[in-house]
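Only one structure is covered here, and it is reproduced in the block below.
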Amino acid sequence: QPENLQKNWLREFYQVVHAHKPHFMALHCQEFGGKNYEASMSHVDKFVKELLSSDAMKDYNRARVYLDENYKSQEHFTALGSFYFLHESLKNIYQFDFKAKKYKKVTGKEIYSDTLESTPMLEKEKFPQDYFPECKWSRKGFIRTRWCITDCAFDLVNIHLFHDASNLIAWETSPSVYSGIRHKALGYVLDRIIDQRFEKVSYFVFGDFNFRLDAKAVVETLCAKATMQTIRAADTNEVVKLIFRESDNDRKVMLQLEKKLFDYFNQDVFRDNNGTALLEFDRELSVFKDRLYELDISFPPSYPYSEDSNQGRQYMNTRCPAWCDRILMSHSAKELILKSENDEKIVIYDHIGPNVCMGDHKPVFLSFRIAAGAGKPIANVHKCCVVQ
């Protein structure tokens, strides 16, 4: 229901913009145009036009939009979309030209689509096919842009990592094979953005990391008092279903697990207290604790929500709910964030549209202010921003 969903999505998004009134706003989208992008690109164009012309965004007089729409290019297509909006009150903002290796002042509104490969204002890569051989054509990859606001330079990286192809395979080992693939891909991105080609700056990486809970540990915890029944295919003897039943209580079914089915009898466990009891199973980021920082999560798992527009809070029974959508940063980026000196909450990490259908993912957002003087000690290195 793209028409209906887009209306909901934008309304909730505008509410967050109105509540926080950011001066610089970055919006990162993945799977732009959805899985049937050939049919959906007309909706994408409508979405972009609406965003750029809407009343809610009228005070943002400069914008940069980067849409990877060239779905005919199997070699390069990532289906990523990166939007950047600058409020009229914001002076001195520059964007980095990766080819010329210098910053350029941002003026006007510009949209780049189709062949982003020729745009010097970003770096885009798609992960090699051998990272995820199960998928005959994956769209996973990243787009990186670099910005400078009053002497404070930082990279913004839009990322989409590999999903879990099968619940049964994810359940076999702890950590799962898919977790290992994501680890490799994220490590590749982090190495790439701090390599020797450009000066190192702070960075924020945000998008759909597809991080999943440790499936084996979660199932063993949720079904600690259950007995497991294994169902195999008659012709291949391959496991096609696992059924976990309570040992007593009339052998009530607690969980059914198939390749694309995760049907747990009590979804409230993922919603109560924002599902924080399950955060101990969210372990994929721990490998990167020396390189990445994340604020405390205080919102429920962001995926997989029902796509029924009447079911804003319901999860789909396809995957174990998980915090797939995240905003991570380098440890130096953490230092840019202005800390609160009183009880006023000036740094907010939350999700959008808690009670409204936003699609199968709930968007997440981070709102913060850059600390005065952040980045100043190395300002003369950038030579990019002259205070006006």
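The values are calculated or read from the model by the stated rules, or taken from the named source; none is laboratory data. In this text the structure is predicted, and so the values were computed from the model without any measurement. A quick note on method: Cβ atoms are made from the backbone with ideal geometry, for glycine too, and the neighbour counts reach across all protein chains shown. Protein only, heavy atoms only, side chains kept; ligands, DNA and RNA dropped before computing areas. Shrake-Rupley method; radii C 1.70, N 1.55, O 1.52, S 1.80 Å.
Which loop-located trypsin sites (Lys or Arg not before Pro) does the range 108-138 contain, where loop means any DSSP state but H, G, I, E or B and the Cβ has at most 11 other Cβ atoms within 10 Å? Mind showing how you got there, number by number?
Details: sites: Lys109, Lys124, Lys126, Lys136; in loops: Lys136.
The qualifying sites are Lys136.
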- At a 1.4 Å probe, what is the % contribution of carbon and sulfur to the accessible area of the range 160-267? 51 percent
- Task: Give the calculated FRET efficiency between Gln314 and Thr107 to the nearest 0.05, with a Förster radius of 41 Å applied to their Cβ-Cβ distance.
- Result: 0.35
- Mean separation of Cα pairs under 8 Å and 6+ residues apart, divided by the residue count of the range 77-233: what relative contact order is that in percent? 20 percent
- What list of ³J(HN,Hα) values in whole Hz, one per residue of the range 260-277 in order, does the Karplus curve 6.51 cos²θ - 1.76 cosθ + 1.60 (θ = phi - 60°) give from phi, with Gly and Pro shown as x? 10, 9, 9, 10, 9, 5, 10, 5, 4, 4, 8, 10, 4, 6, 6, x, 5, 4
- Taking Cα atoms only, helix 2-20 is inclined relative to the longest principal axis of the chain by an angle, in degrees rounded to 10, of 60 degrees
- Item | Where N is the number of residues in the range 155-308, Cα Rg divided by 2.2 N^0.38 Å | 1.24
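Checking the a/c ratio against 1.5 first, then a/b against b/c, what shape does the Cα gyration tensor give for the range 263-317? Present the calculation step by step, with values, prior to reporting the outcome.
Values: a/c = 2.43, a/b = 2.07, b/c = 1.18.
The shape class here is prolate.
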- Note on the structure: Around Lys260 (Cβ within 13 Å, Cβ-to-Cβ, excluding Lys260; K/R +1, D/E -1) the net charge comes to -1
- Query: Across the Cα atoms of the range 179-222, what radius of gyration and what greatest pairwise Cα-Cα distance (Dmax) are found, in Å?
  - Reply: 15.0, 48
- Please determine, in degrees from 0 to 90 and to the nearest 10, the orientation of helix 37-53 with respect to the longest principal axis defined by the Cα atoms of the chain, where the helix direction is its Cα long axis. 40 degrees
- Cα pair distances of the range 21-63 binned at 10 Å [whole percent]: 24, 47, 25, 4
- Taking every other residue with Cβ under 12 Å from the Cβ of Asn4 and scoring Lys and Arg +1, Asp and Glu -1, one gets -1
- Two-decimal log10 I(q)/I(0) for the range 37-96, as the Debye equation yields it once each C-alpha is a single scatterer, q = 0.12, 0.13 Å⁻¹: -0.39, -0.45
- Counting only heavy atoms of protein chains, what accessible area per residue, in Å², does the range 235-380 have with a probe of 1.4 Å? 52 Å²
- In order through the range 159-168: 3J(HN,Hα) via Karplus (6.51 cos²θ - 1.76 cosθ + 1.60), integer Hz, x for Gly, Pro: 10, 9, 9, 6, 8, 8, 6, 9, 4, 5
- Task: Report, to the nearest whole %, how much of the accessible area of the range 93-133 belongs to carbon and sulfur atoms, 1.4 Å probe, protein only.
- Result: 51 percent
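Please give the contour-minus-distance gain from Val240 to Asp130: 0.36 nm per residue of separation, less the Cα-Cα distance, rounded to one decimal in nm.
On the way: separation 110, 0.36 × 110 = 39.60 nm, distance 2.60 nm.
So the chain would gain 37.0 nm between Val240 and Asp130.
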- Item | Karplus-derived HN-Hα couplings along the range 229-243 (A = 6.51, B = -1.76, C = 1.60, θ = phi - 60°), whole Hz, x at Gly and Pro | 10, 9, 10, 10, 6, 4, 7, 10, 6, 6, 5, 10, 7, 10, 10
- Item | For q = 0.11, 0.14, 0.20 Å⁻¹, Debye-computed log10 I/I(0) when each Cα of the range 35-178 counts as one equal scatterer | -0.53, -0.79, -1.24
- Carbon and sulfur: what percent of the range 1-71's accessible surface (1.4 Å probe)? 52 percent
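Calculate, for Tyr188 and Ile348, the FRET efficiency according to 1/(1 + (r/R0)^6) with r their C-beta to C-beta distance and R0 30 Å; round to the nearest 0.05. Intermediate values should be presented prior to the final figure.
Details: r = 30 Å, r/R0 = 1.02.
Between Tyr188 and Ile348 the formula returns 0.50.
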- What is the gain in length, in nm to one decimal, between Asp268 and Gln74 on full extension, counting 0.36 nm per residue of separation less the C-alpha to C-alpha distance? 65.8 nm
- Residues of the range 124-145 with amide N under 17 Å of a point placed 7 Å along Cα→Cβ from Phe98: 124-128, 140-145
- Each label point is 7 Å from the Cα along the Cα-to-Cβ direction; what then is the distance between the points at Arg232 and Glu172, in nm? 1.5 nm
- Message: Going by amide H atoms built from the backbone, whose H comes under 5 Å of the H on Gly312, apart from near neighbours?
- Response: Cys357
